[in-house]
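Undergrad: Please find one structure pasted underneath; my questions will follow.
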Amino acid sequence: MTAAATSPRSTSRWTTRALQPLILAAIMWAITALDAVLPGSWVRMFGIESWALEGLDGILLAHGLHSGWPHLLANTIPFLVLGVLVALDGIGRFWAVTAIVAVIAGVGTWILNAPGTITVGASGMVFGYFGYLVVRAFVARSLGHGILYALIALTVVALYGGSMLAGIFRAADGISWQAHLFGAIGGAIAAIALRRTRAGARSRAPQPHHRVG
């Protein structure tokens, strides 16, 4: 099979991967639009309400909720940029990273925020994708992959490193540094937990069939 013949399939694979965070972003925009026109407040209903048992469902749901359009706009671009970089590593890996980050960021926020505080927003996911991409460079299965991810990590740090650190250590009033911190921790844990070892890569490679005559 020629390179020209495989190119469309390869392009389709990368496009499908890049679409995953776009799907999530579209869902967040749809939720914000519905929350604006329907009665009641989904932020209060499904946000992470710290130290309240009824707020535990927010550990998973709050990441898709936002306090308004400015909040959503501020999160959308970094979410898409960093999310696409994570998704290019594989669709299954993207959703696994997303799940790990969502749970760790949500639990950390529920525990460390002041009782009764309601937290919503995708910034925990943004910090999680950032943490994943940075740590991924250190747990790559080969030197070549390590260099590639190091270049990606350096680019990400150059673009967002300053604002990420500020979002944890100098967060303004009303901004949850807890979600930021535990999101980044969740991303780092995901990078380590989902790392591919050389032995694992070999075991997944197709093995030749042997027959004894």
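Undergrad: Could we say that Leu72 is closer than 18 Å to Ala25 by Cα and out of contact with any Lys or Arg (no Cβ under 8 Å at 6 or more places or on another chain) here?
TA: So Leu72 fits the description; yes.
Undergrad: Test Val97 against the stated conditions and say whether it is in a helix (DSSP H, G or I), within 18 Å of Gln178 (Cβ to Cβ) and touching an Asp or Glu at 6+ places or on another chain (Cβ under 9 Å).
TA: In short, no.
Undergrad: Scan Trp29, Trp42 and give me the residue that is under 25 Å from Tyr160 (Cα atoms) and of a type in the set (Phe, Trp, Tyr).
TA: Matching residue, one of Trp29, Trp42: Trp29.
Undergrad: For segment 45-56, which positions are surrounded by 13 or more Cβ atoms within 10 Å (Cβ to Cβ) and of a type in the set (D, E, K, R)?
TA: Across segment 45-56, the qualifying residue is only Glu49.
Undergrad: Same structure again: Quick one: in segment 30-54, of everything that is under 21 Å from Val103 (Cα atoms) and of a type in the set (Gly, Ala, Ser), which residue is nearest to the chain's Cα centre (by Cα)?
TA: Among them, the one singled out is Gly47.
Undergrad: Another question, then. Of all residues in segment 134-149, which are surrounded by fewer than 19 Cβ atoms within 10 Å (Cβ to Cβ), assigned to a loop (DSSP other than H, G, I, E, B) and either at pLDDT 80 or above or not charged (D, E, K, R) (or both)?
TA: Selection gives Phe138, Val139, Ala140, Ser142.
Undergrad: Now for a separate question. Which ones in segment 1-40 are at pLDDT below 90 and either assigned to a loop (DSSP other than H, G, I, E, B) or acidic (Asp, Glu) (or both)?
TA: Result: Met1, Thr2, Pro39, Gly40.
Undergrad: Inside segment 47-59, can you point out the residues that are without any contact (Cβ under 8 Å) to a residue 40 or more places away in the chain and either in contact with a helix residue (DSSP H, G or I) (Cβ under 9 Å, 6 or more places away or on another chain) or not in a helix (DSSP H, G or I) (or both)?
TA: Asp57
Undergrad: Where the second residue is surrounded by 24 or more Cβ atoms within 10 Å (Cβ to Cβ) and modelled with pLDDT of 95 or more and the first is charged (D, E, K, R) and lies in segment 113-138, which pairs have Cβ atoms under 6 Å and are six or more apart or on separate chains?
TA: The qualifying pairs are Arg136/Ala191.
Undergrad: Something else about it: Working carefully through the options Ile59, Ile91, find the one that is under 18 Å from the mean Cα position of the chain (by Cα), surrounded by fewer than 17 Cβ atoms within 10 Å (Cβ to Cβ) and either small (Gly, Ala, Ser) or at pLDDT 95 or above (or both).
TA: Ile91
The values are calculated or read from the model by the stated rules, or taken from the named source; none is laboratory data. Everything quoted here is computed from the prediction, not taken from an experiment. Here Cβ is always computed from backbone atoms with ideal geometry, including for glycine, and neighbour counts include all displayed protein chains.
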